[in-house]
Amino acid sequence: MHWGNLQAAEGRLQDALDELHLAWQQTREAWQDQQAERFEETFLRKIDEDLAAVFPAISQISQTFGMAARECEE
Amino acid sequence: MSANVRDIDAIRDFRTKLMRFAEELESCLQGLQLELQRAFEWADQERPHYWGNQARRAYDQLAAARTAYETCRMRTVAGHRSACIEEKVAFNKARRRLEDCQQQTERVRKWSMKIHHDADEFRGRLASLRRLVDADIPQALASLERTSTVLEQYAEIHRPAPSTDPPEKA
């Protein structure tokens, strides 16, 4: 059994997050007031924190599935 | 509170990119859920079915090997009993195979429990992504929409009126 889709999903999430960071940096060059700061604090930090917690969880479950596959196959 | 926005379109562009991010997040969430489902089917159905079949086959092979071994031992050639080495080797091999299959069946049962346990914790983490997609990002998008609209309205009000002076003669 192959569990590569888990790692692929992790890679896609990381790429999407990197793109979002880049987009926000570009936006911040044009939007430099307190509301932008508040938006960053309220929403973007939450996105960062939630994804930061998911990445190790994906690695962990991927490891569990990999070990199970090795032990339960012929 | 004063606004410092050089380009309102930049906010709208970011809103579009945030929407794309949410779509990618949704797609990944669905993919991860599918992988969990696939793991459950593998651990709860496919693997037990496979090792159950292998154990039954091993049991039949052991029965056949035992019969062959015992038949051989009963046989005498010129008053001597055969050592039946090949039959004994086959019998021991079949016995080991059955033991392996029984151990694998138990191992699969334990791994199934571990997979469900770890998957429950993992789903807890995924729930935070689900909240991002269903609640936090829509709120963020609404906030960006409001900001853009207010700034556009402000820009419209403070746009210099078109000049009413007659055009200069060349």
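The values are calculated or read from the model by the stated rules, or taken from the named source; none is laboratory data. Being a predicted model, the structure only gives us computed values, none of them experimental. As a convention, Cβ positions derive from the backbone with ideal geometry for all residues, glycine included, and neighbour counts pool all protein chains shown.
I'd like to check something: does segment B:9-21 contain any residue that is within 19 Å of B:S128 (Cβ to Cβ), more than 8 Å from chain A (Cβ to nearest Cβ), loosely packed, with under 15 Cβ neighbours inside 10 Å and modelled with pLDDT of 95 or more?
Within segment B:9-21, not a single residue is within 19 Å of B:S128 (Cβ to Cβ), more than 8 Å from chain A (Cβ to nearest Cβ), loosely packed, with under 15 Cβ neighbours inside 10 Å and modelled with pLDDT of 95 or more.
Results for (1) in a helix (DSSP H, G or I); (2) among the acidic types (D, E), shown as yes or no for each residue.
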site: A:M1; (1), (2): no, no
site: A:A8; (1), (2): yes, no
site: A:G11; (1), (2): yes, no
site: A:Q14; (1), (2): yes, no
site: A:E19; (1), (2): yes, yes
site: A:Q25; (1), (2): yes, no
site: A:R45; (1), (2): yes, no
site: A:A52; (1), (2): yes, no
site: A:M67; (1), (2): yes, no
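For the condition over 19 Å from B:I137 (Cα atoms), within 8 Å of chain B (Cβ to nearest Cβ) and exposed (fewer than 14 other Cβ atoms within 10 Å of the Cβ), what is the one hit in A:Q63, A:Q34?
Result: A:Q34 is the single residue among A:Q63, A:Q34 that is over 19 Å from B:I137 (Cα atoms), within 8 Å of chain B (Cβ to nearest Cβ) and exposed (fewer than 14 other Cβ atoms within 10 Å of the Cβ).
Condition first: loosely packed, with under 12 Cβ neighbours inside 10 Å, within 30 Å of A:C72 (Cα to Cα) and either aromatic (F, W, Y) or over 21 Å from the mean Cα position of the chain (by Cα) (or both). Can you find one or more residues in segment B:65-87 that meet it?
no
Those residues that are more than 7 Å from chain A (Cβ to nearest Cβ), in contact with a helix residue (DSSP H, G or I) (Cβ under 9 Å, 6 or more places away or on another chain) and under 18 Å from A:M67 (Cα atoms), I need them from segment B:120-131; list them, please.
Hit for segment B:120-131 is B:E121, nothing else.
Return the total of residues in segment B:88-118 being surrounded by fewer than 17 Cβ atoms within 10 Å (Cβ to Cβ) and under 27 Å from A:A57 (Cα atoms).
Filtering segment B:88-118 down to residues surrounded by fewer than 17 Cβ atoms within 10 Å (Cβ to Cβ) leaves B:88-89, B:92-93, B:95-96, B:99-100, B:102-103, B:106-107, B:109-110, B:113-114, B:116-117.
Right, trim to under 27 Å from A:A57 (Cα atoms) and you get B:106-107, B:109-110, B:113-114, B:116-117.
Here the count works out to 8.
Filter segment B:22-58 down to the residues that are surrounded by fewer than 19 Cβ atoms within 10 Å (Cβ to Cβ) and aromatic (F, W, Y), then identify the one that is farthest from the other protein chains (Cβ to nearest Cβ).
It comes out as B:F40.
When the residues of segment B:110-119 are narrowed to those that are farther than 14 Å from B:R38 by Cα and facing another protein chain (nearest Cβ under 7 Å), which ends up nearest to the chain's Cα centre (by Cα)?
The residue in question is B:D118.
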